[in-house]
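Structure first, commentary second.
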Amino acid sequence: MNSALILQDKETDTYWSIMEGRAVSGKLSGAKLSELPLGEKMQWKYWREKHPGTLVLSVDGREDAPNGYAGYFVGSRGMFADATDDRLVSMAPIFAFHREDAAYAIPIESFEGGKAYSLDDGTAVLLYRRRGASMFQSTNAYLSSAGFERRDGDWIELSTGSAFDPESGSFADASVRPLPGLDTFWYTWSLANPGTRLLR
């Protein structure tokens, strides 16, 4: 277990693993985290354009270094450990999620421009990232029991006939459900989730 990926709930003194999606020790040990597909990951310059009045949290009068992760993203080794599962290199960027008590991971390079996958339970997943998008931009992920199909350059969800809009990162029909998950690196996910199902 990677201690850098653990959050402490001070109300119950429970420790939660982000990568495992559950409490790993404390009063609520074994409880699952509820995942909400609400976050939008972006670079500060884009956030400022959308929210010009944002206040920045300072700790003891300072913020994070302007480019504190530069060496991390170009390195081949993980920050805390290396992956023991060698199906991907340690620093391979992935989108990862849990579904029906199974852990899944997909290399980001596999779905640039969009790609649909079938899961073990018959559910279809659509993942979309713009080609060449930075790691600081979010993957758009959606679930469908009916499936997704590429038509005339658009991704269509089959039960609603709704098209995916790359600009907004959403479907016209709001009933197409987002898939909770996260963009991360292979080593952080695979160390916490041995036996991950790797989709290509």
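Inside the stretch 63-88, can you point out the residues that are at pLDDT 70 or above and out of contact with any strand residue (DSSP E or B) (no Cβ under 6 Å at 6 or more places or on another chain)?
Once the filter is applied, which keeps residues that are at pLDDT 70 or above and out of contact with any strand residue (DSSP E or B) (no Cβ under 6 Å at 6 or more places or on another chain), the stretch 63-88 yields 81, 82, 83, 84, 85, 86, 88.
Considering only the stretch 128-138, state which residues are among the hydroxyl-bearing types (Ser, Thr, Tyr) and not in a strand (DSSP E or B).
Once the filter is applied, which keeps residues that are among the hydroxyl-bearing types (Ser, Thr, Tyr) and not in a strand (DSSP E or B), the stretch 128-138 yields 134, 138.
Does the stretch 14-62 hold any residues that are part of a strand (DSSP E or B) and modelled with pLDDT of 75 or more, and which are they?
Once the filter is applied, which keeps residues that are part of a strand (DSSP E or B) and modelled with pLDDT of 75 or more, the stretch 14-62 yields 14, 15, 16, 17, 22, 23, 24, 25, 32.
Is there a residue in the stretch 94-109 that is in contact with a helix residue (DSSP H, G or I) (Cβ under 8 Å, 6 or more places away or on another chain), at pLDDT 75 or above and surrounded by fewer than 16 Cβ atoms within 10 Å (Cβ to Cβ)?
Scanning the stretch 94-109 turns up no residue that is in contact with a helix residue (DSSP H, G or I) (Cβ under 8 Å, 6 or more places away or on another chain), at pLDDT 75 or above and surrounded by fewer than 16 Cβ atoms within 10 Å (Cβ to Cβ).
Restricting the stretch 15-29 to residues that are touching a Ser or Thr at 6+ places or on another chain (Cβ under 7 Å) and not small (Gly, Ala, Ser), which is farthest from residue 98 (Cα to Cα)?
Among those that are touching a Ser or Thr at 6+ places or on another chain (Cβ under 7 Å) and not small (Gly, Ala, Ser), it is 27.
Looking at the stretch 185-200 only, could you name the residues that are over 14 Å from residue 127 (Cβ atoms) and not aliphatic (A, V, I, L, M)?
Scanning the stretch 185-200 gives 185, 186, 187, 188, 189, 190, 193, 194, 195, 196, 197.
Which of the residues belonging to the stretch 127-137 are more than 12 Å from residue 166 (Cα to Cα) and out of contact with any helix residue (DSSP H, G or I) (no Cβ under 8 Å at 6 or more places or on another chain)?
The answer is 132, 133, 134, 136, 137.
Would you confirm whether or not the stretch 105-117 contains a residue that is of a type in the set (Val, Ile, Thr) and either at positive phi or in a loop (DSSP other than H, G, I, E, B) (or both)?
No, the stretch 105-117 has no match at all.
The values are calculated or read from the model by the stated rules, or taken from the named source; none is laboratory data. Quantities reported herein were computed from a predicted structural model and do not represent experimental measurements. With ideal geometry, Cβ positions are generated from the backbone for all residues, glycine too; neighbour counts draw on all protein chains shown.
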